[in-house]
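One structure, as structure tokens, below. Some questions next.
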Amino acid sequence: MVKAVKPKKAAKSGAISGATRKRIAEEMQKFPQKRGALLEALHLVQEELGCIAPETARELAEIFEMRAVEVMEVVSFYNMFHAAPQGRHHVHVCTNLPCSLRGGRSLLRRLEEHLGIRAGETTPDGRITLGREECLGACAYAPMLRIGDTYHENLGVELAKKLLDSLE
Amino acid sequence: MTVRITVDGAAYEVEEGRTLLQALDDLGVLMNGVEVPHYCWHPKLSIDGSCRLCQVEVEGVPKLQIACDTRVTDGMVVHTKSERVRKAREGVMELLLVNHPLDCPICDQAGECKLQDYAFEYGVQHSRSREPRRALEKRVELGPTIVLDQERCILCRRCVRFCREVPGTGELVVENRGDRSVIAAFPGAPLDNDYSMNVADICPVGALTTKDFRFKMRVWFLDELPGVCTGCSAGCNIHAGVANNRVYRYVPRRNDAVNETWICDAGRMSYREIGSASRIHHPQVRGADGRLTAAGLGDALAVAAARLRAAIEGGGAEAVAVLASPHATNEDLLALRRFLAALGAPPESAGVAVPTGASDDLLLREEKAANAFGARALGFGGADAVIERVRSGAARVLLALGHDILAPAHLRGDVSALALLDGVILLDTHRSALERIAHVVFPARHALEKLGTLTNAAGRVQRVQPVVEPAFAAWSEGEILLRLGEALALPGFEEPAAWDPHAVSKSLGEELPAFAGIDVDSVGHEGLPLRGESA
Amino acid sequence: MGLKVPHTTNYLTEHFGDDGFVSLKGYEAQGGYEAARKALTRMQPEKLIELVKDSGLQGRGGAGFPTGLKWSFMPKDEDRPRFLVCNADESEPGSFKDRILLERGPHQLIEGILIAAWAVGAEKTFLYIRGEYSEPARVMQQAIAEAGESGYLGQGAMGTNFSHEVVLVRGGGAYICGEETGLLESLEGKKGQPRKKPPYPAEFGAFGMPTTVNNVETFCHVPHIVRRGAEWFRGIGTEKSPGTTIFGVSGHVVRPGLYELPLGTSLEQIVFGHAGGVPGGREIKGVIPGGMSMPILPAAELDVPMANESLRERQTMLGTGGIMVMDDTTCMVRVGCVIAHFFRDESCGQCTQCREGTGWMEKILNRIERGAGEEGDLEILLDVSAKMEGATICAFADAAAWPIQGLLRHFRDDFEMHLRHHRCPFHEGFRL
Ligand SMILES: Cc1cc2nc3c(=O)[nH]c(=O)nc-3n(C[C@H](O)[C@H](O)[C@H](O)COP(=O)(O)O)c2cc1C
Ligand code: SF4
Ligand code: SF4
Ligand code: SF4
Ligand code: FES
């Protein structure tokens, strides 16, 4: 069984926990300007809350003494940050050229059929968000996909389906 | 320190450390002899360098360089018309048009759109792309004053930089990335600051429009006439957009010594005062029934003169309380000075009340009148001494230019102190509580309906000229005072004379040393500082 | 050309099979940190920079800039804090060498960083790892902690009065953050939009301070150069491109993977000798030699030595050494579509040509692939790509234009067949 990595259940929805705030404060110490810790903070907060919703952006803006709109623009720029809730598991299939040459795209299509959703969508039960992704640095081990933090390489279609089925 | 550069064969001496576009702008030749089209660069905003349109050829540098971010060096030789430059421009233009909607016929910016202009100028009127255009939101309300059409936006980021750098409010960002980029504000934190509407002026295309002006009038029907905002004593330079003898909008007119390229929203909207329904439309006289009724100018002058004469006969010049207007021109106020002198009263015996309001470090001044500084420079005193003379009963008649005395600092709108006077003679543009108790009312022209000068808070004398002709009979205060002097046969007013603001303006310098050499015909469109003022 | 192949041709990856090498102990057992000790205790920074200049080491991040020269750009006699940035954003499609260097040789990287820090007088290194590299980040974080505990990093490194700290920074997933000034912006907590240059990072880098940016692999070569000398290094590879690099081979080959080989090794030898050639007895059609930004080479040009000087003659570049092999079933229009999609997706969107040109190219290519291509499309494609070249804030737009130009240069027939038959003539391979 592969355990859900995100989103963890937040004690109070939308609120950044004290523990995360503490970690953000520690990260800030490492940079000449505290804003340097923003990307790390976005990772930490997203791990905790599942996404960076506008109210979360506002909270972060307070912590970083910046404008909420600037947090929003940063969130919107990067592939890994989401302003809206995602499925419990985020499955990314690499469809870039090296993977495509070895079946990355057909893998994605088979998984779309298997889950009954298109890339970019979330299963109705909120279990899986399926995404296509650019090169993940696993070119020799294609096809591959990433579930949360973990890479799964040299994947056949059947194996990949089993993997998805095992997600809670 | 200066350096010498050559642009298209012409030699220029420019300040060291400037970029090419800044240097050309300093020289006044940018887009005025030297054509370097540009979108993201704006003279009063930080350098962005992203539109890539301003590429020029610099001798000795293999790649084309963007003129907005290339610093001048001594001996630099620049070409803006070479084949390579032309091709590069065409390339950028064509790419900008790939996704641009073919909206011109329904676009408010048509006629003042830099995309349209350059596309025409550089011969790329559409791109060769046959692909479907990017579909985005056509109407996003960024805030109470501004609407965004995402499809028209060319992502020059001028609006983003403006909000960060000028009002410092930073409401706008570019959201997303690549070809999904759009201008956006945070949910619940709209574009809403005292200068927000400037973004519509600096937007080079029709992506940002003001709700106020949207769809009201095609810009090519507008005459853009130079003027000065009368919203406060900053004296921001504007162009009044006029069609059919009506002002449709104000837009900022660049004056680096005053307002750079900006105006505040309140000032921008103050154009509505000109055509306002609350303008005073005719001379009025209070009849035996106690009601104000419309009258001819002659009748009004006769009644006013009679009241004044009676007061003077009873108590001398002391019996006439006079309020100067901080909205009137220097020329009007000089006429008032002469009127007072003819009565034998010093200028400081007349008071000037100045309405006040919010101010900031940017443009907005506390004094909400265009010529408050000028009124003081002409020697008028404070308003409270005048009120005191009314309260004490020493004054029997009030001659008021404007109704600013009603302001919270003075009468707080309560005219009861004036009710016992034998006469209230009012020269004013707009209706007020003062009008309601006046015995004689003369309709005055708005500053943008007459020729003259205004002195801003920094002591800069700036020219106004009639941008519209009032649709009703109205006179500048100076002319009414001239006629009143004649009706009273005051010394110096014996010979009937035409009201000639040019001549009056010339004599400002004769009577007040600070105005030496400064008059409506010499200040030009950018004004001149009063002698002794640094502005 | 004179390719020299001395005894050690895999000094970077020699011990990567050994799990223990990841730990500090294991690394020390192989002579780890001795080069750093030598540099910090016995070499003046200027000497060190001279040594790296003499070695001829060129950056392995894609541009091939001489490393010693880059280090010498850091301003002297200034008391502003100065920083080093290790670029571990590795996002160039076809490249996966930095990942292995991070995962299998973390201390080799830290040692290289420490030596470079001493050379340029940096107090801190920001190790910027692409956000998707969780495992490499975990390994590096642990190694940084270990190195700190053992006195290699932190106050008074190795008993000297030099102090250095390595701060790991996770990216957020954006290819453009590999471009060094995009990276700097991202490091500062902003969108990763490349900066206009000048000013260059050595003058105005991370947080406005003098900064040197190097690729992971570039740092990893440094301890070996310090240990064995410039001459030894120049004895490997070609005269103009010394040393080894780690070639990543992917696509239609029998043994895809990473191969550390001297620069100048022929493409043919890598693809056939090392990666085992194309499976199923098929023929090679084309090979992208240096990551997706680099123009493709046709099968007939596989004799090319993999070094910048020789690849430039074939109108392509070494880039990151990511080699993508395509067999004769591959539709080059589809390849173009995939490439164009990537660059359209990843453009930061500041520059007109890049934001609009990448999308336009993608749309044309997709249309051709669908069979709806029209006469003149190829000319427009070439023209758009030319308009994108050399005129933008960063080299991304060039990187987006070149591969499409390469495809049209060598495989124009594929495109014309699509135009003629109004459909894709290839039945196998990958669907879009
Ligand atoms: C679009 C683009 C993407 C890049 N991506 C990377 C990257 O992922 N990793 C990297 O080390 N360098 C990358 N570079 C090169 C860097 O800008 C920079 O030249 C390099 O990190 C310098 O290190 P080096 O001198 O050691 O090669 C990229 C450049 C461009 C233009
Ligand atoms: S809305 Fe206008 S000013 Fe703002 S980025 Fe778009 S084109 Fe530029
Ligand atoms: S600052 Fe004053 S003068 Fe300027 S636009 Fe506003 S109201 Fe008018
Ligand atoms: S070339 Fe492309 S990626 Fe680079 S700065 Fe310009 S728009 Fe961004
Ligand atoms: S004006 Fe120079 S790049 Fe836009």
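Considering amide H positions built from the backbone, and no H for Pro or chain starts, which residues 5 or more places from B:G382, or on another chain, come under 5 Å of its amide H?
Correct list: B:V352.
Across region B:403-503, how large is the tail of the calculated P(r) beyond 22 Å, expressed as a percent of all Cα pairs? Show your work: numbers first, answer last.
On the way: 2329 of 5050 pairs.
For region B:403-503, the share of Cα pairs beyond 22 Å comes to 46 percent.
On a C-alpha basis, how far is the centre of region C:250-329 from the centre of region C:333-348 in Å? Whole number, if you could?
Spelled out, the Cα-based centre of one part sits 20 Å from the other.
Shifting gears a bit: What is the magnitude of the charge dipole of chain B about its Cα centre, with +1 placed on the Cβ of each Lys and Arg, -1 on the Cβ of each Asp and Glu, and no other charges, expressed in debye to the nearest 20? Before the final figure, lay out the partial values.
Numbers: 58 positive and 71 negative charges, 271 e Å.
Once rounded to the nearest 20, the dipole reads 1300 debye.
Right, another one. Tell me the Kirkwood hydrodynamic radius of region C:176-332 in angstroms, computed as one over the mean inverse distance between distinct C-alpha pairs.
Working: mean 1/r = 0.0577 Å⁻¹.
Value: 17.3 Å, from the Cα pair sum.
What is the magnitude of the charge dipole of chain C about its Cα centre, with +1 placed on the Cβ of each Lys and Arg, -1 on the Cβ of each Asp and Glu, and no other charges, expressed in debye to the nearest 20?
360
OK, next. Please give the direction-averaged projected area of the C-alpha convex hull for chain B, in square nanometres with one decimal. Walk me through the numbers before you get to the answer.
Values: hull surface 111.5 nm².
Mean projected area for chain B: 27.9 nm², to one decimal.
Suppose every K and R has +1 on its Cβ and every D and E has -1 on its Cβ; what is the size of the dipole of region A:89-165 about the Cα centre, in Debye to the nearest 20?
Working: 10 positive and 10 negative charges, 40 e Å.
The dipole of region A:89-165 has a size of about 200 debye.
Straight-line reach from C:K47: which lysines fall under 28 Å, measuring Cα to Cα and dropping same-chain residues less than 8 apart?
C:K4, C:K38, C:K70, C:K76, C:K124, C:K240
Longer than 30 Å from Cα to Cα, which of B:K138/B:K216; B:K44/B:K368; A:K34/B:K138 are they? Say none if no pair is.
Details: B:K138/B:K216 18 Å; B:K44/B:K368 26 Å; A:K34/B:K138 38 Å.
A:K34/B:K138, as the Cα separations exceed 30 Å there.
Check cross-link reach from A:K162 to the lysines: straight Cα distance under 27 Å, and skip same-chain residues fewer than eight apart.
Counting by Cα, and skipping residues close in sequence, A:K162 has these lysines nearby: A:K3, A:K6, A:K8, A:K9.
I would also like to ask the following. Where in chain B is the longest stretch that carries no GluC sites (Glu not before Pro) classed as loop by DSSP and with at most 14 other Cβ atoms within 10 Å?
Numbers: sites that count: B:E16, B:E59, B:E137, B:E494.
With GluC sites (Glu not before Pro) excluded where exposed in loops, chain B gives B:138-493 as its longest stretch.
Please give the helix B:501-511 orientation as an angle from the longest Cα principal axis of chain B, in degrees from 0 to 90, rounded to the nearest 10.
With both axes taken from Cα atoms, the answer is about 80 degrees.
I'd like the trypsin sites (Lys or Arg not before Pro) in region C:272-330 restricted to DSSP loop residues with at most 14 other Cβ atoms within 10 Å, sorted by number.
Values: sites: C:R282, C:K285, C:R312, C:R314; in loops: C:R282, C:R314.
Passing sites in region C:272-330 are C:R282.
With N denoting the number of residues in region B:434-482, provide Rg(C-alpha) divided by 2.2 N^0.38 Å, to two decimal places. Mind dumping the intermediate values first?
Values: Rg = 13.1 Å, N = 49, 2.2 N^0.38 = 9.7 Å.
Taking N as the residue count of region B:434-482, the ratio is 1.35.
Now a separate question. May I ask for log10 I(q)/I(0) of the protein assembly as shown at q = 0.09 Å⁻¹, from a Debye sum over the Cα atoms as equal point scatterers with solvent left out?
Scattering profile of the protein assembly as shown, log10 relative to I(0): -1.06.
I'd like the distance between the alpha-carbon centres of region B:165-194 and region C:353-369, rounded to an integer number of Å.
Using only Cα atoms, the two centres lie 28 Å from each other.
Sticking with this structure for a sec: Counting only DSSP beta bridges with both residues in chain B, what percent are antiparallel, rounded to the nearest 5? Walk me through the numbers on the way to the answer.
Working: 47 of 69 bridges.
Taking every DSSP beta bridge within chain B, about 70 percent pair in antiparallel fashion.
I've got another one for you. Projected onto the charge dipole of region A:18-77 (+1 at Lys/Arg Cβ, -1 at Asp/Glu Cβ, origin at the Cα centre), which of A:T56, A:A25, A:Q46 gives the Cα projection farthest towards the positive end?
So the residue furthest toward the plus end is A:A25.
How many angstrom lie between the C-alpha centres of region B:198-277 and region B:59-107?
Using only Cα atoms to place each centre, the spacing works out to 30 Å.
Also: Run the Debye formula on the Cα coordinates of region B:2-95, all scatterers equal and no solvent, and tell me log10 I(q)/I(0) at q = 0.14, 0.17, 0.19, 0.20 1/Å.
-0.44, -0.66, -0.83, -0.93
Taking the Cα centre of the protein assembly as shown as the origin and placing charges on Cβ (Lys, Arg +1; Asp, Glu -1), which of C:N161, C:A174, B:P408 is farthest toward the positive end of the dipole?
Value: C:A174.
Going by alpha carbons, how many degrees (0 to 90, nearest 10) lie between the helix axis of C:377-388 and the longest principal axis of chain C?
That works out to roughly 20 degrees.
Which of A:A140, C:H341, B:G206 sits farthest toward the positive end of the charge dipole of the protein assembly as shown, with +1 on the Cβ of Lys and Arg and -1 on the Cβ of Asp and Glu?
A:A140
Bear in mind that the values in this text are calculations on the coordinates, not laboratory data. Predicted, not measured: the structure shown is a model, and the values here were computed from it. With ideal geometry, Cβ positions are generated from the backbone for all residues, glycine too; neighbour counts draw on all protein chains shown.
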